[in-house]
1. Roughly to the nearest percent, how much of the accessible area of segment 89-168 is carbon and sulfur, given a 1.4 Å probe?
2. May I ask you to derive the relative contact order of segment 1-88, considering only C-alpha pairs under 8 Å and at least 6 residues apart, and to give it as an integer percent?
3. For segment 57-109, what is the convex hull volume of the alpha-carbon atoms per residue, in Å³?
4. How big is the shadow of the Cα convex hull of segment 1-76, averaged over all directions, in nm²?
5. Considering all projection directions equally, how large on average is the shadow of the alpha-carbon convex hull of segment 6-125, in square nanometres?
6. Where only protein heavy atoms count, and the probe is 1.4 Å, what is the accessible area per residue for the chain in Å²?
7. Put +1 on the Cβ of each Lys and Arg and -1 on the Cβ of each Asp and Glu in the chain; which of Leu42, Phe7, Phe159 then has its Cα farthest toward the positive end of the dipole?
8. Note down the relative contact order for the chain as a percent, whole number, built from C-alpha pairs under 8 angstrom at least six residues apart.
Amino acid sequence: PDTYEFFVDEDPTHALSRLLDNFNTKMSDELMQKVEASGYSLNQILTIASLIEKETDGTDRENIASVIYNRLNAGMPLGIDASILYAYPDHEGAPTADMLADPSPYNTRLNTGLPPTPIANPGIASINAALYPESTGYYYYALDTATGQHRFFTNADEFNAFVATQNYE
């Protein structure tokens, strides 16, 4: 959970060692105890944190975490487009209809549960949000194109009505 500089001729084992050393420094005993108490594995927490990392503008991590956990607990698909796009690294923009129909394990509109791996390297703020989410009744969120911030909803009707007013192209 950090930013790194890598050098062209750097030994890959040295680079990986730096990553792991920094990860172990950032993941304090308190955070590791919170992971153990969460009922999720470290890999699952990092996957949740990576979803948060790719979805947030930096101001709403805990609310996005709340939506993820609420949907997981309800057995609902997560519906996170960043996860779908992870399977298409060369694609820019919103997912296409073909992507949304792809049964990839990263398609969180079709599949319930978490994708099989993290989709990004989450920062410590997103890891904290995954471990300390807000307690809300939110099950949906969408980007408000007028403000550039997410709006959160407790039910599908309000969510769908809002999304119908947005131009996501």
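The values are calculated or read from the model by the stated rules, or taken from the named source; none is laboratory data. Treat the numbers as computed from the prediction; the structure is a model and nothing was measured. No Cβ is skipped: glycine too gets one built from the backbone with ideal geometry, and neighbour counts run over all protein chains shown. With ligands, DNA and RNA removed, areas are computed over all heavy atoms of the protein, side chains included. Shrake-Rupley method; radii C 1.70, N 1.55, O 1.52, S 1.80 Å.
1. Working: 2350 of 4570 Å².
The value for segment 89-168 is 51 percent carbon and sulfur by accessible area.
2. Values: 28 pairs, mean separation 15.7, N = 88.
Answer for segment 1-88 is 18 percent.
3. Working: hull volume 4.4 nm³, N = 53.
Taking the convex hull of the Cα positions in segment 57-109, it is 83 Å³ per residue.
4. Values: hull surface 26.4 nm².
Mean projected area for segment 1-76: 6.6 nm², to one decimal.
5. In nm², the orientation-averaged hull projection of segment 6-125 is 9.0.
6. Accessible surface, normalised per residue, equals 57 Å².
7. It is Phe159, whose Cα lies furthest towards the positive end.
8. Computed over the chain, the figure is 27 percent.
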